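Bear in mind that the values in this text are calculations on the coordinates, not laboratory data. Quick caveat: nothing in here was measured; it's all calculated off a predicted structure. Here the Cβ positions follow ideal geometry from the backbone for every residue, glycine too, while neighbour counts run over all protein chains shown.
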Amino acid sequence: MTQTYITDGGYRFILATTNERASTNWVFLPGGPGLGSEYYSPLIELLDLPGSVWRCDFPGDGSNTSDSNTEFDKWDERLPLALATLGNVILVGHSFSGMFILTVPEVEKHLSGLVLMDTAIDHHWRDGILERARAQGIENDDEYWKIRKATHDNASLKRAALAGWYYYMSAGVKEQALALLSPLPFNYKSFIWAQEQFHPTFEAQWIPETIPTLILSGSEDMLTPIDFFKNDTRFHRDNIQLSEIPGGSHYPWMEEPEAVKRIFKKFCDQL
């Protein structure tokens, strides 16, 4: 099997692991945007999933910039075509990519399963971030938001991500958080596009009706708590499993790796 390939639409697939325990193709789309799929590597290693596991980078995002493709508004129409290059796909989205997936109804027909991690259902997730942060003891955070608003190139986006690491992970894993974020490729163009074009009007366009779906979030996730899904009855379906991980953050596998592994194992067993 080819280790790396790029679709006609610019999506890059990198084979992370493969085994003969299943014919499943797990596709991990990264959050951000602006982050490369490299941050999934520790999670993929932890999970030891059956079948083949692919890291997939958006066109022109992360380190997938060989063709300098910055037509971010084409991502939605190109994603179903990219997934069609594989069969028996279980798509995994985290944070932004989970939101993005929910705006592309056409992907459902290409999926055998769906996992949404620490994500949201509409643009209102941004409304309460500061209040949720204060509830967890984060105050007087003006300096971080100054750095974030000053993002104008890849280096400044990286500085912002490192300066605000505590929005993503808890204090107990600070060293691991910085070690995970520091070497990642950052892409400010896709980040700015999302801030200006995607997030302000984001609204879920579909709810999985038949495919097995796992929605999980850390209980301490101050960005996208699972309450958004718990409070929306559209997502209360027999095929949808909602799982909250006590003590987990926006990257719950950092604080609670074994809990995340158990939840994925249970989902695999139910497929």
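Couple of notes before you dig in:
- Shape call, the range 147-271: gyration tensor on alpha carbons, a/c limit 1.5: oblate
- Using a cutoff of 8 angstrom between alpha carbon atoms and counting only pairs six or more residues apart, the relative contact order for the range 46-166 works out to 15 percent.
- GNM on the chain, alpha-carbon springs under 10 angstrom: the most fluctuating residue among I207, I101, I121 is I207.
- Fewest neighbouring Cβ atoms within 10 Å first, the residues Y5, Y166 line up as Y5, Y166.
- Among the trypsin sites (Lys or Arg not before Pro) found in the range 206-271, those both in a DSSP coil and sparsely packed, with 15 or fewer other Cβ atoms within 10 Å of their Cβ, are R237.
- The sum of -39500 (n - 2.57) across all DSSP H runs of n ≥ 4, divided by the residue count of the chain, sets its helix-only mean residue ellipticity at 222 nm to -8000 deg cm²/dmol.
- Cβ-derived FRET efficiency at R0 35 Å, L46 paired with E106, nearest 0.05: 0.70
- Rounded if a/c under 1.5, otherwise prolate or oblate - the range 70-211, Cα gyration tensor axes: prolate
- When the C-alpha to C-alpha distance is required to be over 25 Å, the pairs from K146/K189; K149/K174; K149/K261; K158/K265; K189/K230; K230/K265 that qualify are K149/K261; K158/K265; K189/K230.
- Considering only the chain, percent of DSSP beta bridges that pair antiparallel, nearest 5: 30
- Loop sites in the range 1-102: GluC sites (Glu not before Pro), DSSP, at most 13 other Cβ within 10 Å: E20, E71
- Sites listed here are GluC sites (Glu not before Pro) in the range 192-256 whose DSSP assignment is loop and whose Cβ has at most 11 other Cβ atoms within 10 Å: E209.
- Cα-based shape type of the range 213-271, given that a ≥ b ≥ c are square roots of the gyration tensor eigenvalues and the cut on a/c is 1.5: oblate
- Whole-number percent relative contact order across the chain, with pairs defined as alpha carbons under 8 Å at least 6 apart: 20
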